[in-house]
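A.B. asks: The structure that follows is given in the form of structure tokens.
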Amino acid sequence: MKKTFQEHLDPNSGSKNILSLDGGGIRGALTLGYLKKIENILREKHGNDYLLCDHFDLIGGTSTGSIIAGALAVGKSVDDIVNLYMDLGGKIFGKKRSFWNPLETWKFLKAGYDYEALEDSLKNAFGDITLESDQIKTGLCIVAKRADTNSVWPIINHPNGKFFDTNIGKNKNIPLWQAVRASSAAPTYFAPQMIDVGDGQRAAFVDGGVSMANNPALTLLMVATLKGFPFNWEMGEDKLTVVSVGTGYSVFKKQTKDIEEAWLKTWAQSVPDMLMQDASWQNQIVLQWLSNSPTAHYIDMEIESLQDDFMGGKALIKYLRYNFPITENDLNGLGLGKTFNAKDVESLIEMSNAENRQELYDIGVAASISVLKTHFD
């Protein structure tokens, strides 16, 4: 039986499920491959009209993950979102500013891509839906970074939120497209998003990935359980499940000579990916520490995979993490009928290569062999 919106939020209406979606630009297409498998598993149990918004009580995402999260939360199927994403990805990353127009110098200097195309695409996808709209079927959290205060904002649709409809905030009036646009405003790619957050304040937001929450799983767990937020869900392996889906990741294999001789530009290009991966793996470590995860990853030689290393001696959540290493060996092991080389890997890792979106989806579908029916028992 499908839950009502109130039942999704109610801490007393049974066990809770959280879906967390990473940022990663056009690589969100890979995420959709995993989500298709999850949807298929759930539909085998509940019927062909079952949606991920029926199963998950809180869906959240950062950057490209926020686009998918918003679409899932308003009741779209994964197939619907794949079609949307293939069209939207081409428009968003298909119009790079490659020439200087003296009449639009300010646009050229603010962003590498036409952010108006991003805005138009999101408006077409979400229309006039606001965070208080009953068209949002379940709990939703859009993770963005407020640049003018350097603070991470988990923008939620819970009616009892401190900033939802109070004297210190009117987040209920924020259009969904605008919240997603804020989370997706990756610096150098797109211009910041300005939002009226109530009480006469105008805030400047950039991509939530410019924080520790590009992988927002730990942030969503805190939103769901900390007393400062309105959900107040109880922790326990049989009470709370966190499903976290990535966008694929690169594997660092540098020679010491390459590091020693690196130029300023080399570091400038490498540091963002290094920091994003560090933040994601820190999420991974903490959540494996809290759980007895059947998808636990090997971290390193010291802590290994943290099996039976539960914080406090008891698993506090059920945790599932799906992600794929974008390497030649791993790609060629998928059986996609193509031999991948180093140049292919470099292209697939780049977050703005829109021409890769179908191939990234196919990679996600093939990699989703790691998503098992038993994970959702």
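A.B. asks: Restricting to the stretch 293-309, what's the tally of residues that are open to solvent by 50 Å² or more (accessible area, probe 1.4 Å) and touching a helix residue (DSSP H, G or I) at 6+ places or on another chain (Cβ under 8 Å)?
C.D. replies: 3
A.B. asks: Could you please let me know if Asn341 is open to solvent by 60 Å² or more (accessible area, probe 1.4 Å), polar (S, T, N, Q) and without any contact (Cβ under 8 Å) to a residue 12 or more places away in the chain?
C.D. replies: no
A.B. asks: If Gly75 satisfies all but one of (1) open to solvent by 10 Å² or more (accessible area, probe 1.4 Å); (2) closer than 19 Å to Val223 by Cβ, what's the number of the condition it fails?
C.D. replies: (2)
A.B. asks: So Trp177 clears everything in (1) touching a Leu at 6+ places or on another chain (Cβ under 9 Å); (2) in a loop (DSSP other than H, G, I, E, B); (3) among the aromatic types (Phe, Trp, Tyr) except one condition, right? Which one?
C.D. replies: (2)
A.B. asks: Has the stretch 339-360 got any residue that is at pLDDT below 95 and on the phi > 0 side of the Ramachandran plot?
C.D. replies: Within the stretch 339-360, none of the residues are at pLDDT below 95 and on the phi > 0 side of the Ramachandran plot.
A.B. asks: Another question, if that's okay. Taking the conditions exactly as written (farther than 28 Å from Leu320 by Cα, hydroxyl-bearing (Ser, Thr, Tyr) and open to solvent by less than 20 Å² (accessible area, probe 1.4 Å)), does Ser133 satisfy them or not?
C.D. replies: In short, no.
A.B. asks: If you don't mind, another one. For the stretch 19-49: of the residues being under 18 Å from Thr247 (Cβ atoms) and among the β-branched types (Val, Ile, Thr), which is surrounded by the fewest Cβ atoms within 10 Å (Cβ to Cβ)?
C.D. replies: Per the criteria, the residue is Ile38.
A.B. asks: Search the stretch 12-49 for residues being part of a loop (DSSP other than H, G, I, E, B) and charged (D, E, K, R), and hand back the single one that is nearest to Leu336 (Cα to Cα).
C.D. replies: The qualifying residue nearest to Leu336 (Cα to Cα) is Asp22.
A.B. asks: Looking at Gln284, is it assigned to a loop (DSSP other than H, G, I, E, B), at pLDDT below 95 and closer than 26 Å to Glu234 by Cβ?
C.D. replies: Criteria not met by Gln284.
A.B. asks: Return yes or no: is Lys36 of a type in the set (D, E, K, R), in contact with a helix residue (DSSP H, G or I) (Cβ under 8 Å, 6 or more places away or on another chain) and touching a residue at least 40 places away in the same chain (Cβ under 8 Å)?
C.D. replies: Judged against the criteria, Lys36 is a match.
A.B. asks: Just the residues that are at pLDDT 95 or above and assigned to a strand (DSSP E or B), please, taken from the stretch 111-133.
C.D. replies: Across the stretch 111-133, the qualifying residue is only Thr130.
A.B. asks: Still on this structure: Do we have any residue at all in the stretch 233-245 that's closer than 19 Å to Lys145 by Cβ and either open to solvent by 70 Å² or more (accessible area, probe 1.4 Å) or not small (Gly, Ala, Ser) (or both)?
C.D. replies: no
A.B. asks: Inspect all residues belonging to the stretch 50-61 and state whether any of them is open to solvent by less than 10 Å² (accessible area, probe 1.4 Å) and part of a helix (DSSP H, G or I).
C.D. replies: Yes, there is a match, as at least one residue in the stretch 50-61 is open to solvent by less than 10 Å² (accessible area, probe 1.4 Å) and part of a helix (DSSP H, G or I).
A.B. asks: Please specify each residue of the stretch 310-330 satisfying the condition of being buried (at least 16 other Cβ atoms within 10 Å of the Cβ), hydrophobic (A, V, I, L, M, F, W, C) and more than 20 Å from Leu348 (Cα to Cα).
C.D. replies: Listed by number, the residues that qualify are Phe310, Ala315, Leu316, Ile317, Leu320.
A.B. asks: Continuing with this model, one more query. Residue pairs, Cβ under 7 Å, 6 or more apart or interchain, first in the stretch 134-153 and in a loop (DSSP other than H, G, I, E, B), second crowded, with 18+ Cβ neighbours inside 10 Å and not hydrophobic (A, V, I, L, M, F, W, C). List them.
C.D. replies: From residues that are in a loop (DSSP other than H, G, I, E, B), the pairs are Ile136/Asn157; Thr138/His8; Thr138/Asp57; Ala147/Pro192.
A.B. asks: Can you pull out every residue in the stretch 276-292 that is open to solvent by 20 Å² or more (accessible area, probe 1.4 Å) and touching a Ser or Thr at 6+ places or on another chain (Cβ under 8 Å)?
C.D. replies: The answer is Gln277, and nothing else.
Yes/no matrix, rows are residues, columns are (1) more than 18 Å from the chain's Cα centre (by Cα); (2) open to solvent by 40 Å² or more (accessible area, probe 1.4 Å):
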position	(1), (2)
His158	yes, no
Phe164	yes, no
Ile174	yes, no
Val197	yes, no
Gln201	yes, yes
Asn214	no, no
Leu220	no, no
Lys227	yes, yes
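A.B. asks: Quick check on Leu19: is it touching a strand residue (DSSP E or B) at 6+ places or on another chain (Cβ under 9 Å) and more than 15 Å from Asn214 (Cβ to Cβ)?
C.D. replies: It is true that Leu19 is touching a strand residue (DSSP E or B) at 6+ places or on another chain (Cβ under 9 Å) and more than 15 Å from Asn214 (Cβ to Cβ).
A.B. asks: Let me ask another. So which residues in the stretch 203-235 are touching a Lys or Arg at 6+ places or on another chain (Cβ under 6 Å) and more than 18 Å from Trp281 (Cβ to Cβ)?
C.D. replies: Matches in the stretch 203-235: Ala203, Phe205, Val206, Trp233.
The values are calculated or read from the model by the stated rules, or taken from the named source; none is laboratory data. These numbers were taken from a predicted model, which means no experiment stands behind them. When we count neighbours, we look across all protein chains shown, and the Cβ atoms used for this are built from the backbone with ideal geometry, even at glycine. Please note that ligands, DNA and RNA were not included when accessible areas were found on the heavy atoms of the full protein model with its side chains. Shrake-Rupley method; radii C 1.70, N 1.55, O 1.52, S 1.80 Å.
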